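I have a structure I would like to understand better, so I am pasting it below and will then ask my questions one at a time.
The values are calculated or read from the model by the stated rules, or taken from the named source; none is laboratory data. Quick caveat, the model's predicted, so the values are computed rather than measured. Positions of Cβ are backbone-derived with ideal geometry, glycine not excepted, and every protein chain shown enters the neighbour counts. With ligands, DNA and RNA removed, areas are computed over all heavy atoms of the protein, side chains included. Shrake-Rupley method; radii C 1.70, N 1.55, O 1.52, S 1.80 Å.
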Amino acid sequence: MKELAAKRRPCSIAADRSSLRESAHLVVREYIDGLAARLGGPVELSPPTYYDHLDDATLLADSPGSGALVFESRLSGDGVPFSLLTVPRGYAIEYLLTDRPVGEEVVPLDMLEAFDGVAREGAAEAASLLAEIAEIETTVETSQLRFLGVDSVAERLGTERVIGSVFGLNGGQDGYLAVLLDETSARTVTDAMVPVGGETVQVGSSAVAGVSRAIASGFLDRWDGLVGDVALTSPAAVEGVGTAVLDPVLRRVGSECDNTFVVEATLRNAETDLSCELLALPAAHRLTAL
């Protein structure tokens, strides 16, 4: 791609940018028409700005506070994938979250902000416990609160094989929490927890199960003050391709709703190449009831 780009004359690059702006404007205009219908009034578009590189800092530059509410759509046309991100502000956020039909449950914006905060704190606590029990230092690489279609949750786990545990929150009535490690990370954890040659890395191994429970407990430690007491059920050991290991849980969640809140966090140690994924699916009623 770089070689092709180097051969193009400046006028061709300018033409490409112009075409991209025009195409983006057409796609966004159709999207905005639907948003305007939902808001009950016209939505004006400013002329598009072209960026060679667009990062979070640029996208969220005008957003107040430390976070933002972002709507993401992933589209594909003629084999060319692209993303559409909408970052509403001010009255638009309040309108979208509060102006709902009578009797429909609503998750308050301040609740989402508070829940995102305790999720980040919980991920940090989980990292601290992992360092304490296995002497493996990790950092919280990502921590995000998402609202996804149930069918889209498994896609976020990729196609690598993972080993870990799935816990029910209060018997599954209040959601689920999965702690998943790739095979290399599971080996690292096992070597840190047991003597050399003392245990093989496999689903249900005591080292992986013990670390998973400690990480889960640490992750949920900050939740009690926000959503009430949260008790973990005995873990169900899982092993397999990432997109499939949560099938039983997602079938149960999908039988009750089409979309779900998902808390994602990644603990990582660059030196040992350890990566631990935490995926929580809190039941919506625990958020709307507060």
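Given R₀ = 25 Å, FRET efficiency for Asp258-Ala37 by Cβ-Cβ distance, to 0.05?
Here the calculated transfer efficiency is 0.75.
Right, here's the next one. Report the Cα-based extents of segment 219-265 along its three principal axes, largest first, to the nearest Å.
Rounded to whole Å, the extents work out to 33, 25, 21 Å.
Can you send over the solvent-accessible area of His285, 1.4 Å probe, protein chains only, in Å² to the nearest 10?
Around 80 Å² of this residue is reachable by solvent.
At a probe size of 1.4 Å, how large is the accessible area of Phe147, to the nearest 10 Å²?
Estimated to the nearest 10 Å², Phe147 gives 120 Å².
Can you work out the PRE-style zone for Thr86? Point 7 Å along Cα to Cβ, and I want the residues of segment 143-169 with backbone N under 19 Å.
So the set is 146-150.
Something else about it: Hand me the GluC sites (Glu not before Pro) from segment 140-173 located in a DSSP loop with no more than 14 other Cβ atoms within 10 Å, in residue order please.
Glu160
Roughly how many percent of the accessible protein surface of segment 217-259 is carbon and sulfur, given a 1.4 Å probe and a whole-percent answer?
Answer for segment 217-259: carbon and sulfur cover 45 percent of the accessible area.
FRET efficiency for His285 and Ser18, Cβ-Cβ distance as r, R0 = 51 Å, nearest 0.05?
After rounding, the FRET efficiency stands at 0.55.
Rounded to the nearest 0.05, what FRET efficiency do Ala270 and Ala244 give with R0 = 30 Å and r taken as the Cβ-Cβ distance? Could you check?
Computed FRET efficiency for Ala270 and Ala244 comes out at 0.60.
Still on this structure, I have one more. Using label points projected 7 Å from each Cα along Cα→Cβ, tell me how many nm separate Phe71 and Thr159, to one decimal.
Taking the two extended label points, one gets 3.2 nm.
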